[in-house]
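All remarks here apply to the structure that follows.
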Amino acid sequence: MSDSKATRLEREVTDGGAEVAILTFANAPLNLFDQALFDSLVGDIAELAARPPRAVLLRAEGKVVSGGVDVHVFDGLSVEQGAELWRTLFAQIIHPLEALPCPVVFAAHGLTLTAAFEIALACDIILAAPKAKFGLVETVVGLTPSMGGPQRLAERAGSGRAREFVMTGDLYDAATMADWGVVNAVHEDVDTAARQLTHRLAQGPTRAHAATKQIVAAWRSGGVAHADSVTPQVSGVLFDTEDLRGAVRSFLEVGPGKATYTGR
């Protein structure tokens, strides 16, 4: 892989033998989302979708997670070109990231603006350092966030908070985001904490984690009744997995918490 790539995708194996993927924004100095970063990220997510690991960590190197989108991306777009841009980013980044059949963790160690924060909101769990700040500041160029940020923020924090966050264009710290339920936890050493959590989740019952994501996705799209309607089938197929059968035997023979999982 070329060192000039704007992202870096690496795979590693946990002590328990589970594969973890680490996707790093590496577009120095500010990890701006220019066309090169978008293209690189699309390629990495396509690779993850084609060969899913058992957990994914998204992180960034450098002083900030991202200073936002390179405004050159928007310059001179027509109405249809603008709409096509958002359709493409949903289809190639947000939706396939959410559809990965494994836990996805996002680690925010510093400033996390616009596209980076919208990508974080498409992940399962967001961890932050105390100094991290978050913002959807598209109003500075007369835009509204259009990679799913407002609606996913509203899902986590409520619609009133989401409108405040987007309309003011202010920056919000990690403690506030945790209080709102947007950030799951704040850690002094967020990179280490995120890697530990990703490894822990990777060693869990991966098929069950995927089922959890399917049930929550059903709730997101159609409410409790729709989630209830898909749960029997989604959960039922777990009884044909090696992980469930082995964990049930382990529970009965030696008690809870002793099972190991292979992801099958």
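Each value in this text was obtained by applying a stated rule to the coordinates, not by laboratory testing. All values reported here derive from a predicted model rather than from experimental measurement. Methodologically, a virtual Cβ is constructed for each residue, glycine included, from the backbone with ideal geometry; neighbour enumeration extends over all protein chains shown.
As I understand it, the value is the acute angle between the Cα axis of helix 206-236 and the longest principal axis of the Cα atoms of the chain; what does it come to in degrees, rounded to 10?
60 degrees
Pop a pseudo-label 7 angstrom from the Cα along the beta-carbon direction at both T260 and V79 and give the gap in nm to one decimal.
Inter-label distance under the simple model: 6.1 nm.
May I have the count of lysine pairs in the chain with C-alpha atoms under 29 Å apart, counting pairs 8 or more residues apart or located on different chains?
Pairs that pass both the separation and distance tests number 7.
Using a 10 angstrom cutoff on alpha carbons, build the Gaussian network for the chain and name the most mobile of G223, G158, G135.
Maximum among the listed residues: G223.
Given R₀ = 25 Å, FRET efficiency for D173-H95 by Cβ-Cβ distance, to 0.05?
Working: r = 29 Å, r/R0 = 1.17.
For R0 = 25 Å, the calculated efficiency reads 0.30.
Tell me, Kirkwood radius of the chain from alpha-carbon pair distances, in Å? Write down the numbers at each step before the final one.
Numbers: mean 1/r = 0.0516 Å⁻¹.
Answer for the chain: a Kirkwood hydrodynamic radius of 19.4 Å.
Give the angle, between 0 and 90 degrees and rounded to the nearest 10, that separates the Cα long axis of helix 79-89 from the longest principal axis of the Cα atoms of the chain.
The two axes meet at around 30 degrees.
Could you identify which residue out of L23, L127, L244 has the top mean-square fluctuation in a GNM of the chain using Cα springs shorter than 10 Å?
Looking only at L23, L127, L244, the biggest GNM fluctuation is shown by L244.
Rounded if a/c is under 1.5, else prolate if a/b is larger than b/c, else oblate: which is the range 180-253, with a ≥ b ≥ c the root eigenvalues of its Cα gyration tensor?
Judged from the Cα gyration tensor, the range 180-253 comes out oblate (a/c at least 1.5, b/c at or above a/b).
Estimate the FRET efficiency between D240 and Q151 by the formula 1/(1 + (r/R0)^6), using the beta-carbon distance for r and 45 Å for R0, to the nearest 0.05. Could you put the intermediate results ahead of the total?
On the way: r = 35 Å, r/R0 = 0.77.
E between D240 and Q151, to the nearest 0.05, is 0.80.
So how far, in whole Å, is the C-alpha centre of the range 117-183 from the one of the range 196-264?
29 Å
Calculated from DSSP H runs of 4 or more alone, at -39500 (n - 2.57) each and per residue, what is the 222 nm mean residue ellipticity of the chain, nearest 500? Don't skip to the end; give the middle numbers.
Values: 10 runs with 123 residues, N = 264.
After summing the helix terms and dividing by the residues of the chain, the value is -14500 deg cm²/dmol.
For the range 23-169, what does the relative contact order come out to in percent, with C-alpha contacts under 8 Å and a separation of six or more?
Relative contact order of the range 23-169: 22 percent.
Below 8 Å between Cα atoms, with a sequence gap of 6+, how large is the relative contact order for the chain in percent?
Over the chain, the number comes to 16 percent.
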